[in-house]
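Colleague: Below: one structure in structure tokens.
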Protein chains: 2
Amino acid sequence: MTPEQLAPIGEVLARLLSPHAEVVLHDSATDQIAAIWNPLSGRVPGDPSLLGELDELTATATDAYGPYPKVLPDGRRLSSVSAVLRDDTGEPKYVLCVNVDRTAFESASRLLAAFAAPISAQPKAFFEHDWTEKLNELVAGYVQERGVPVERLSRSDRLELLSRLDKAGVLSQRKSVPVVARALQVSRSALYQLLAEARKEPHADPA
Amino acid sequence: MTPEQLAPIGEVLARLLSPHAEVVLHDSATDQIAAIWNPLSGRVPGDPSLLGELDELTATATDAYGPYPKVLPDGRRLSSVSAVLRDDTGEPKYVLCVNVDRTAFESASRLLAAFAAPISAQPKAFFEHDWTEKLNELVAGYVQERGVPVERLSRSDRLELLSRLDKAGVLSQRKSVPVVARALQVSRSALYQLLAEARKEPHADPA
DNA sequence: TCCAAACTGGACGTAAAGTCCAAAAGATGA
DNA sequence: TCATCTTTTGGACTTTACGTCCAGTTTGGA
């Protein structure tokens, strides 16, 4: 379990709570900040952790702490939680802290009560109702794009096209496999082979 | 990196955001829920994850996804983020998801815009191609229409709702049956019985 | 309270979904 | 042209999801 492996967690939490929270990963060996996302406190990796009290932590039943209150030098109030992460031997290795700035919520909550307006949302039109239609469109589109009829598409063409179909969800439609195979003019076996390949190497679309 | 080692993170996040969020740890090997804290969705460990292609994930620059929108069967709207956790070899091993119930915030969307706004739908691709969304929308819509929660719908209500779901093509989506059954809160068997009935008597829409 | 209708969990047969392989068909280059 | 490498094919085979069925239990009304 390395900081790199844990990074997605920090990243994702920072995003979820942005801009009202910071996420800090402390290394308990060095007692320094190993990584930090969206720092509210202005700290950077390498800074001392100043959490010292790992001993306190080890006393408790669970490795989850908080939420408990904190205050920043500038007066902002925080809610904080901490998770102790242990290595395979059970030794504490990292401490992950999330600090949420409550000031925004507090002031908001005061103003909130008055406005209780419902929000109507537009259900989007999702997957094509008739997936064969979708299939046809995609195939036709591709063929036109290449100016080559299906039966003369190269292997890599088929790979690319199949990848698109897969991403469009056509293949997660019931009983679609044989139909798709016929559309691409390959055998069912070949389809699965191509599919395995297509899914391995995601043919990055320029998005 | 085991679920046990990661447990404190889940615990701590659930506490921090409680009662407005659930935290789910997916095992990408089995595509099942390894652990869940404060379940809003009623899922339990061992349930299928319904995460889509992990391959898609490998394509991206970062292992952090979201926030993106979701809807629960009961109509609550969620903000979700996901973090992909890899083992030493770089293989995806777990996916940690945090789902925050936004309904409380939505009524204050203006004030809390910063919190609720960054809902740029992006990783559409990686959660199973959105028939679950459709399912949720339809169920939520129906529930709202009747003003009765799912678990108290009458038989004929369920029949009607199921008919809609069927017409919307949800049931011709692979692996959807158990999910739909759970959404309607009936057993798989009962679902098939209802379905047979629904298909016999097309509950004529006035079209 | 009792009955009939409905639901449940599980067993079961079937049909797709996927995997695998040996042989055929195409490519490639000397 | 021949030898070799790659890809495709058809088919056998395993696994997974679908759909049916049934006995036992629950539920909602009369």
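The values are calculated or read from the model by the stated rules, or taken from the named source; none is laboratory data. Note that this is a predicted model, so its numbers are computed, not measured. All Cβ positions, glycine included, derive from the backbone under ideal geometry; neighbour counts span all protein chains shown. With ligands, DNA and RNA removed, areas are computed over all heavy atoms of the protein, side chains included. Shrake-Rupley method; radii C 1.70, N 1.55, O 1.52, S 1.80 Å.
Colleague: When Cβ neighbours within 10 Å are restricted to other protein chains, what is their mean count per residue of peptide B:1-11? Mind showing how you got there, number by number?
Modeller: Working: counts 7, 3, 0, 3, 9, 5, 6, 13, 12, 2, 7.
Across B:1-11, the average partner-chain Cβ count within 10 Å equals 6.
Colleague: For peptide A:13-23, how many partner chain Cβ atoms fall within 10 Å of a residue's Cβ, on average?
Modeller: Values: counts 9, 2, 9, 16, 8, 4, 3, 3, 2, 0, 0.
That average works out to 5.
Colleague: Using the Karplus curve 6.51 cos²θ - 1.76 cosθ + 1.60 with θ = phi - 60°, work out ³J(HN,Hα) for each residue of region B:134-145 in order, rounded to whole Hz, and write x for Gly and Pro.
Modeller: Values, residue by residue: 4, 3, 4, 4, 5, 5, 4, x, 5, 4, 5, 4 Hz.
Colleague: Given H placed 1.01 Å from N in the peptide plane, which residues other than close sequence neighbours of B:S49 have an amide H under 5 Å from its amide H?
Modeller: B:Q32, B:I33
Colleague: Take B:V44, B:V180 and sort them by solvent-accessible surface of the protein heavy atoms, 1.4 Å probe, largest at the top.
Modeller: Working: B:V44 75, B:V180 0 Å².
Accessible-area ranking of B:V44, B:V180, largest first: B:V44, B:V180.
Colleague: Taking a probe of 1.4 angstrom, what is the accessible area of B:W37 in Å², to the nearest 10?
Modeller: Answer for B:W37: close to 30 Å² accessible.
Colleague: To the nearest 100 Å², how much accessible surface do chains B and A cover up together, summed over both, with a 1.4 Å probe?
Modeller: Numbers: alone 11430 and 13660 Å², together 20270 Å².
Buried area (both sides, nearest 100 Å²): 4800 Å².
Colleague: Continuing with the same structure: How many Cβ atoms of partner chains, on average, are near each residue of B:134-145 if near means within 10 Å of its Cβ? Walk me through the numbers before you get to the answer.
Modeller: On the way: counts 5, 1, 1, 5, 1, 0, 2, 1, 0, 0, 0, 0.
Mean shielding count: 1.
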